[in-house]
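Inspection log for the structure reproduced underneath, given as structure tokens.
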Amino acid sequence: MHSFSFRANALLTFSLTILALMCAMASLTDNFNSPSPTATVQILNVNRFQKKASGDDEVGISLDISADLQSLFTWNTKQVFVFLAAEYSTPKNSLNQVSLWDGIIPAKEDAKFSIKTKNKYRFIDQGSNLRGRDFNLTLHWHVMPKTGKMFADKLVLPGFRLPESYR
Amino acid sequence: MGIRFWERKVKAVNEDLEGCSKKRRRQRPHVLTDAYILSPSTFTMDWQGQKVAEQLMQIMLVVFAIAAFITGYILGSFELMIYVYAGGVVLTILTTIPNWPFFNRHPLKWLDPSEAEKHPKPQVTSSVSKKKTPKK
């Protein structure tokens with residue numbers, strides 16, 4: 001602590017180290033949050049169900065997604081990334097996951113929502129296995145923090161079934 | 001840099017004085033001030049003040065960090081925590097970095113040139129038979 005620049009340097013490095021510790025502690029407080037999200041999804045209509053020229057099945061569906069993800073937000077949350085995936089098994093693959101829709105929730109107020117939408121991304125199978133197929137629609141979310149660890153979790157909604165024949 | 005550095009500096013200045021005639025010495029009353037000014041940042045904080053400044057800086061930063069974290073956590077705002085902490089850092093900068101007078105309450109007393117003349121320089125014996133490696 002002898003000269004101006006010496007003191008300034010010491011202060012700067014010490015304050016930045018303390019800032020790093022504060023951010024680590026803020027991330028640790030996220031573990032105290034016990035979220036209780038809810039969601040329901042309904043398939044309004046199967047718009048399209050064809051076998052493409054390549055031999056793969058493709059489905060176009062209209063969805064009604066409503067969810068309450070407000071309990072996921074903490075003081076250290078920047079945004080929540082949420083996506084809906086169709087999950088099913090085929091003789092070829094034991095688990096197929098196809099993302100149908102996603103969105104970014106920037107604030108707690110927007111976390112309680114209900115939307116009607118067509119699938120944002122194409123639902124295409126590897127092969128021709130979708131006729132009469134049972135599948136789950138799983139809502140995944142990633143809670144992206146302002147500093148520190150990201151938490152990811154999901155909610156499985158079972159009991160959906162595709163039609164027996166093409167439309 | 002410890003107290004030895006400044007002792008050597010005072011000694012160097014006194015040796016400079018030795019080489020001057022009595023008339024020139026009277027004409028150079030501020031020669032110790034030259035050494036004083038040559039020191040970094042004109043050194044207006046004494047040793048006790050430096051210690052106080054360092055302790056004050058550390059304590060203030062930690063106190064502001066704790067206050068900022070508690071405020072941000074209770075009010076649920078990460079931005080508020082950052083703003084309170086930034087304000088604390090600025091306050092700490094203003095308090096501890098400039099050479100305030102209250103850091104200079106125990107100033108060092110430099111040796112007066114007239115006093116230095118009264119005390120003889122220590123004589124170094126020139127008869128060194130063994131070769132010694134130079135000490136740093």
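The values are calculated or read from the model by the stated rules, or taken from the named source; none is laboratory data. Since the model is a prediction, treat every value here as computed from it, not as a measurement. Every residue, glycine as well, gets a Cβ built from its backbone with ideal geometry; the counts of neighbours run over all protein chains shown. Side chains are part of the model used for accessible areas, which takes the heavy atoms of the whole protein and leaves out ligands, DNA and RNA. Shrake-Rupley method; radii C 1.70, N 1.55, O 1.52, S 1.80 Å.
Determine the dipole magnitude for chain A: charges of +1 sit on the beta-carbon of Lys and Arg, -1 on that of Asp and Glu, nothing else is charged, the reference point is the Cα centre, and the result goes in debye to the nearest 20.
Once rounded to the nearest 20, the dipole reads 280 debye.
Can you work out the accessible area per residue across chain A, with the rest of the protein chains kept in place, probe 1.4 Å, in square angstrom?
With the other protein chains kept in place, chain A gives 53 Å² per residue.
Show me, for the stretch A:83-89, the HN-Hα J-couplings you get by feeding each phi into the Karplus relation (A = 6.51, B = -1.76, C = 1.60, θ = phi - 60°), rounded to Hz, glycine and proline as x.
9, 10, 10, 8, 10, 7, 10
Starting from a Cα-only point model with no solvent, please compute log10 I(q)/I(0) by Debye for the stretch B:46-91 at q = 0.13, 0.14, 0.17 1/Å.
Those come out to -0.34, -0.38, -0.50, one per q.
Just to be sure I understand the model, the point goes 7 Å from the Cα along the line to the Cβ. What's the resulting residue A:46 to residue B:119 distance in nm?
So the two model labels end up 10.3 nm from each other.
Computed on protein heavy atoms with a 1.4 Å probe, what is the summed buried accessible area for the chain pair B and A, in Å² to the nearest 100?
Buried surface at the B/A interface: approximately 2300 Å².
At each listed q (0.15, 0.19, 0.22 Å⁻¹), what is the log10 of I(q)/I(0) that the Debye formula gives for the stretch A:20-92 modelled as equal alpha-carbon point scatterers?
Evaluating at q = 0.15, 0.19, 0.22 Å⁻¹ gives log10 I(q)/I(0) of -0.75, -0.93, -1.08.
Residue B:102 to residue A:114: FRET efficiency via 1/(1 + (r/R0)^6), r the Cβ-Cβ distance, R0 51 Å, to the nearest 0.05?
Calculated transfer efficiency: 0.20.
If one takes the longest principal axis of the Cα atoms in chain A, at what angle in degrees, from 0 to 90 and to the nearest 10, does the Cα axis of helix A:4-29 lie?
So the helix axis and the longest Cα principal axis differ by about 40 degrees.
Kindly report, to the nearest 10 Å², the accessible surface of residue A:56 as traced by a 1.4 Å probe over protein heavy atoms only.
Per-residue accessible area (residue A:56): approximately 40 Å².
Keeping all protein chains in position, work out how much accessible area residue A:52 exposes to a 1.4 Å probe, and write it in Å² to the nearest 10.
The value for residue A:52 is about 70 Å².
How large is the Rg to Rh ratio of chain A when both quantities use alpha carbon positions and Rh follows Kirkwood?
1.22
Once amide H atoms are placed 1.01 Å from N in the peptide plane, what residues at a sequence separation of 5 or more from residue A:123, or on another chain, have their amide H within under 5 Å of its amide H?
Excluding prolines and chain starts, which carry no amide H, the hits are A:59.
May I ask you to evaluate 6.51 cos²θ - 1.76 cosθ + 1.60, the Karplus curve with θ = phi - 60°, for each residue of the stretch A:138-144 and list the ³J(HN,Hα) values in order in whole Hz, giving x for glycine and proline?
Couplings: 10, 8, 9, 9, 10, 8, 8 Hz.
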